[in-house]
Amino acid sequence: MKNIDAYTHLRGESIYLDDIPLIQGTLYGAAFGSPVAHGVITSLDTSEATAHPGVVRIFTYKDIPGENQIGGIVPDEPLLADHEVHFCGMPVAFVVAESIDAARAAVKKIKVAIEPLRVITDPREAQALGELIIPPRTFQLGNTDQAWQQCAHIFEGRADTNGQEHLYIETQGAYAVPQEHNALKVYSSTQGPTAVQRAVSRVTGLPMHLVEVEVNRLGGGFGGKEDQANTWAALCALAAHHLKRPVKYSLHRMEDMAMTGKRHPYSADFKIGLNAELKIMAYEVTFYQNAGAAADLSPAVMERTLFHCTNSYFVPHVKATAYSCRTNLPPNTAFRGFGGPQGMFMIESAIAQAAEAIGVDAAVIQERNLLQTGDEFPYGQKAQSEAPECWNKATGLYNLTTLRKQVDAFNTTNKWHKKGLACMPVCFGISFTKTLMNQARSLVHVYTDGSVGITTGAVEMGQGVNTKILQVAANTFSIHPDRIKIHSTNTFKIANTSPSAASATADLNGKATLLACTAIADRLRKMAAEELSVAINAITLQDEFVWVNGMKTDRDWKSLVMAGHTKRIGLSEHAHYATPDIHFDATREKGHPFAYHVYGTGIIGVTVDCLRGTYTVDSVKVVHDFGSSMNTAVDIGQIEGGIVQGIGWMTMEEVVYDKEGRLRSNALSTYKVPDIYSVPKEIAIDFLQTPHDNLAIFRSKAVGEPPLMYGIGAYFALRNAIRAFNKKGHFPFDAPMTPEKVLMALYATPQEGTIPPHEETSKHLAVDK
Ligand code: MTE
Ligand code: HPA
Ligand code: MOS
């Protein structure tokens, strides 16, 4: 089954926010963002801007009829700055004008005086000052204090990961159109239509039933539009509500990059202990999450970091603490993996440090510690583990031993180029970590011509969820996919939706669709059974026909539907799905938060140019746990995209803020993302089809986020290649491994006063000189 959007995408006919025809009288907005990261506003002068030709009105916090608040988890985020600013780019005023150019020109004429306050950009500094978004949390298993005695090797270290710009191709934006009775219709490029509806309702003071949010599709979200589409929608809605004219705002790329939050940078201290057999006995880690100036989704992201702090390994004694630290950066937010990748990077760093010091390949430690079925995660859930299967299949299928020999041979014969190899097992929990969010609804209409229209809470953002939902309906009715249309996501049709996120969209909305279609199909089957005087169980719908006891009748889908309507049988259904069996008790930090886990193993190979510090990713070979994929084309697309995005985060994408909290990497000339030249030369994907039952839709496991984490292997492959050139030099675990950092590491000297990596380090990589 092809992605149903392929046809219009290729022809350029797919409708995004900017393709919606504008209503006559539409005005254009542009936000004025704070020029400084922290301070007290002493004066705001909009007179010159207001006088600019075409300007209709300039809105500030004083114009907000409802609440000046858009914080979802913690109410700490004003829509428009009132007396203080907390980050560069924080919206202070919203200019509305007759043209885009007039709005932007007027923004430049706004004058603000700000008494500067201390700017904090480092999460450790924030933590030391007590600047926390929420109190710290600790996940614990066993007793690490006692476990250190059982360890033959103990290592302590520090690891850092940087942020990541979402770089959805479609920037943030919204279009608010006033309706009768004061109501508003808001077109928004959002992953969370209900989140936008709530924010608009809160800011305007309108009840939610007067706020219709409509989303056709996104040109990418990647988490960046789970919460942060709210700002622009609320600003447009505020202006439209006052002016009774439609207001549109699509951000320029540079505005988007500067004003919105990104993946959270993390810093962590770790301590890992292994016994003589290289079993990890104990792991302690403290995470410092750089939350930015407001909570946004940071508490939930921090929680997922804790959930994934042991990645795909069983560790009997764990103590993991996380601090969500308030800094003067734009509020950081959801990004594919949602804190999980950061948690995984830290334990992979701890394992790499141990491996280098002991003088074994990290893969030896990884393999010995893979989760087995029945093992307990630090949060109490028991694993139904596919980790050994994925690992064994990957190392066998791709022949890790041979790959290693090839790398060794290459490194022995090449002086100025070195290859490196790393394995990256992944284990990712599927479900929103907040249990209540794991629910969805679907509205299915069967029309009298046999065509079917479906609306769910799912937002299509390129991940192919609409294709999967369509497959669910086509399968359940056993009709041709061409009969089915998935409609836009709309808060008046489906209420109280969770955002399309957590990789759970197809599971949640697909299951709701399955329930709705099944209910309609059952009514039609019952009617057919009565007509034919047989038991309902004898009736099946198959290939557009009614079948009795496995025999095709001449009653086809279209006539069945028409007969149903004639008999006044309901041809519509609104169904609700809530993931069963999940729960989590945050007071004990224990429970069963995930419907299931997705596993996989990646093997990543790189080549480093040891004169220049440049590198190529030669191959990424994965065995991925699909459960039983319902759409291999879509799923492979997700894996390829995730891998490349993960490699980008780990190797080249470098978010740079200066000490004043200004984004320096604010354009594509200063922020490097993977392009066609830097993608791996080879990506091999093999399916681990598992027989176990699971809670995924049609047993087809969620695939949106987990593959990103294979990209972490690129960091460690680079590290291994560098080690083949420079055995003893000290260089930190500090992602991304940009060419500059690679070059520094290639020529780094051993750190004074510390023990250099073991003489035996990377025996199999023996080289140099
Ligand atoms: N794929 C595309 N093409 N565009 C996106 O924005 N977002 C990712 C992933 N894959 C994204 C994507 C993220 S962050 C998530 S959570 C999932 O898709 C969301 O969709 P799903 O729940 O249907 O997997
Ligand atoms: N994952 C992704 N997005 C979310 C989550 C989660 O666990 N919780 C809230 N938003
Ligand atoms: Mo994805 S980070 O859950 O939108």
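Every number here is computed from the coordinates shown, using simple stated rules; none is lab data. Since we're looking at a predicted model, the values are computed, not measured. Methodologically, a virtual Cβ is constructed for each residue, glycine included, from the backbone with ideal geometry; neighbour enumeration extends over all protein chains shown.
Residues of region 307-322 that are crowded, with 24+ Cβ neighbours inside 10 Å and touching a Phe, Trp or Tyr at 6+ places or on another chain (Cβ under 8 Å): Phe307, His308, Cys309, Thr310, Ser312, Val315, Val318, Ala320, Ala322.
Scan region 405-442 for residues that are assigned to a strand (DSSP E or B) and of a type in the set (D, E, K, R) and jot them down. Passing the criteria: Lys418, Lys419, Arg441. Each residue in region 443-472 was checked for being assigned to a loop (DSSP other than H, G, I, E, B) and over 19 Å from Asn631 (Cα atoms), and 6 pass. In the set (1) of a type outside the set (A, V, I, L, M); (2) touching a residue at least 60 places away in the same chain (Cβ under 8 Å); (3) within 16 Å of ligand 1 (Cβ to nearest atom), the condition left unmet by Asp375 is number (3). Checking the stated criteria, Val200 turns out not to satisfy the condition of being touching a residue at least 60 places away in the same chain (Cβ under 8 Å), more than 22 Å from Ala300 (Cα to Cα) and either in contact with a Lys or Arg (Cβ under 6 Å, 6 or more places away or on another chain) or more than 16 Å from ligand 1 (Cβ to nearest atom) (or both).
When region 488-516 is filtered for residues that are away from ligand 1 (no atom under 16 Å from the Cβ) and touching a Leu at 6+ places or on another chain (Cβ under 9 Å), the ones remaining, listed by number, are Lys493, Ala516.
Under 6 Å between Cβ atoms, at least 6 apart or on separate chains: pull out the pairs that start in region 697-726 with a residue that is within 16 Å of Gly600 (Cα to Cα) and end on any residue that is of a type in the set (Phe, Trp, Tyr) and within 16 Å of ligand 2 (Cβ to nearest atom). Close Cβ pairs satisfying both conditions: Pro706/Phe428.
Taking region 555-584 as the range and being exposed (fewer than 13 other Cβ atoms within 10 Å of the Cβ) and farther than 30 Å from Ser451 by Cα as the test, the residues that pass are Pro580, Asp581, His583. In this structure, Glu115 does satisfy being surrounded by fewer than 21 Cβ atoms within 10 Å (Cβ to Cβ), over 20 Å from Leu251 (Cβ atoms) and in contact with a Gly (Cβ under 6 Å, 6 or more places away or on another chain). One residue stands out among those in region 154-183 that are hydrophobic (A, V, I, L, M, F, W, C), over 30 Å from His9 (Cβ atoms) and more than 27 Å from the chain's Cα centre (by Cα): the one that is farthest from ligand 1 (Cβ to nearest atom), which is Ile154.
Scanning region 303-330 for residues being closer than 16 Å to Pro341 by Cβ and out of contact with any Ser or Thr (no Cβ under 7 Å at 6 or more places or on another chain) gives a total of 8. Within region 696-749, being more than 16 Å from ligand 2 (Cβ to nearest atom), closer than 30 Å to Val465 by Cα and part of a helix (DSSP H, G or I) holds for Ile697, Phe698, Arg699, Tyr710, Gly711, Ile712, Gly713, Ala714.
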